[in-house]
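Participant: One structure, pasted below without further comment.
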């Protein structure tokens, strides 16, 4: 069977539409869970974990980001007018904080993984802060057109 480029482009365009819809549904489900504080028990368990001394400064950095994300989450929960536009930012920021804590937990158990945790936090923790700032700044302030 001979496939023409236009046939492939049409098929790929339809698949991308399905993929984007699935991703959006996952973000909606994750946001609902975040607004109901479903991850609070997970964070409490990770907070109680006995981390190695090498991980403590990195945990402080994550705690600062989590505080910003918590404020953004509360802001978004109180004013849901922009929820659809901003929920992806909230989900991404909290996911980064959670992944960072999981990496530090693993680095405590296996010190050879500390370099990976440091690199992840160096690269992605500023992004989590950025997402929190976007949510905080955008709620109640319509985007300029």
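Every number here is computed from the coordinates shown, using simple stated rules; none is lab data. Computed from a prediction, not measured in an experiment: that's the story for all the values here. Backbone-built Cβ (ideal geometry, glycine too); neighbour counts: all protein chains shown.
Participant: List every residue pair whose Cβ atoms lie under 9 Å apart, where the two residues are 6 or more positions apart in sequence or sit on different chains, the first residue falls within the stretch 35-59 and is touching a residue at least 12 places away in the same chain (Cβ under 8 Å) and on the phi < 0 side of the Ramachandran plot, and the second residue, located anywhere, is in a loop (DSSP other than H, G, I, E, B) and crowded, with 16+ Cβ neighbours inside 10 Å.
Facilitator: Hits for this filter: 58/51; 59/51.
Participant: List the helices (runs of 4 or more DSSP H) inside the stretch 23-115, counting only whole elements, that have at least 3 residues being under 15 Å from residue 130 (Cβ atoms).
Facilitator: It comes to 56-78, 83-109.
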